[in-house]
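Rule-based calculations on the coordinates, nothing more; no lab input. Please read all numbers here as calculations on a predicted model, not as lab measurements. Cβ atoms come from the backbone with ideal geometry, glycine included; neighbour counts cover every protein chain shown.
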Amino acid sequence: MRHVYHFVPRRCPSSNKIMYRNKAVAQQAADEGYLERGTRLWIYQCEYCGTWHLTHHPPLEPLEGPVWNGKKPRSRHRGYKPRRR
C-alpha cells in the first residue's frame, strides 16, 4: 500500500492565514483561486511575520491630498483646551 503525502502549509501565528514565501507565489495562488472558484483575492505582506497572505478585502485607495498639513488640530468647541503632554 502506498502512502500519500499531504502537504500542510505553514500558517501565520498571528492571523492563522497561509504563509507564502514571496509576492510572486502569493499572486499565483490568488490567480489560481480566481480561475478555480471565481473568487477575487488580493495579496498583502503581513506586518507580524513578514510573509505574504491572501485576503478577500480590496486594498484601501490612497487618500487624495495631504493627510497632515503641519498645523495642530483644533476643536470647534468654544473654550476647549487640549491636554498638555
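Okay, here's what the table says:
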item: Sequence-distant residues sharing a close amide H with Tyr44 (under 5 Å, placed H); result: His53
item: Environment charge of His53, counting only residues whose C-beta is closer than 12 Å and scoring Lys/Arg +1, Asp/Glu -1; result: +4
item: His6 paired with Tyr34, simple spin-label distance in nm, labels 7 Å along Cα-to-beta-carbon; result: 3.0 nm
item: Calculated from backbone phi, Karplus (6.51, -1.76, 1.60) coupling profile of segment 26-43 in Hz, x at Gly/Pro; result: 5, 5, 4, 5, 5, 5, 5, x, 5, 5, 7, 10, x, 9, 7, 10, 10, 10
item: Sum of side-chain charges, Met19 neighbourhood, beta-carbon under 12 Å (Lys, Arg +1; Asp, Glu -1); result: +4
item: Signed unit charges on C-beta, dipole axis of segment 9-58, positive-most listed residue Tyr20, Leu41, His57; result: Tyr20
item: Label-point separation, Asn16 to Glu47 (7 Å along Cα→Cβ), nm; result: 2.1 nm
item: Debye, to nearest 20: dipole size of segment 9-58, +1 on Lys, Arg Cβ, -1 on Asp, Glu Cβ; result: 140 debye
item: Under Karplus coefficients 6.51, -1.76 and 1.60, residue-wise ³J(HN,Hα) of segment 46-58 in Hz, glycine/proline x; result: 6, 6, 7, 9, x, 8, 9, 10, 9, 8, 8, 8, x
